[in-house]
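These notes concern the structure reproduced below.
The values are calculated or read from the model by the stated rules, or taken from the named source; none is laboratory data. What you see is a predicted model; the values in this text were computed from it and never measured. Cβ placement follows ideal geometry from the backbone for every residue including glycine, while neighbour counts extend to all protein chains displayed.
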Amino acid sequence: MSRLKLINLVLVIGLGIGILVPVATSWWYDRDRAGIALNALQAETAATTQAAKTYHFGLEQGVLSVIEGKPGASGQVIITGLDVEAWPKEMLEMAPKVEFYSLDEVQSFIDTVNEPLWRE
């Protein structure tokens with residue numbers, strides 16, 4: 001085989017490998033990324049269905065209840081029997097008007113009101 005044919009063969013093989021490797025690796029990368037995008041989409045869907053729930057307080061005879069739904073609407077009672085006799089009057093007036101988007105926010109509101117700072 002002549003020297004020129006050997007150089008041409010090496011160049012063609014090198015060029016073929018140089019083209020095929022990046023194409024194969026980009027396909028491999030895209031295949032893994034598609035799964036990540038699908039998982040992100042599922043997580044976003046789950047977050048929107050959980051975020052659709054809202055909560056509010058219902059106050060009846062000094063007993064506070066956490067109710068599912070918008071303020072003023074009747075819904076499923078989540079928690080009842082919260083004693084609010086020690087709460088400041090302003091907080092008791094405000095509590096039924098506030099809308100919460102998670103039970104963590106409800107707990108945070110209750111913890112804030114129960115802090116000694118408000119009782120002074």
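Residue-by-condition table, conditions (1) in contact with a helix residue (DSSP H, G or I) (Cβ under 6 Å, 6 or more places away or on another chain); (2) farther than 17 Å from residue 59 by Cβ:
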position: 74; (1), (2): no, no
position: 82; (1), (2): no, no
position: 90; (1), (2): no, no
position: 93; (1), (2): no, no
position: 99; (1), (2): no, no
position: 102; (1), (2): no, yes
position: 108; (1), (2): no, yes
position: 113; (1), (2): yes, no
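Residue-level analysis places residue 74 outside the set of residues that are among the hydroxyl-bearing types (Ser, Thr, Tyr) and either closer than 16 Å to residue 110 by Cα or outside the structural domain of residue 110 (by TED's automatic domain parsing) (or both).
Whether a residue is loosely packed, with under 15 Cβ neighbours inside 10 Å and not in a loop (DSSP other than H, G, I, E, B) was assessed, and residue 93 passes this test.
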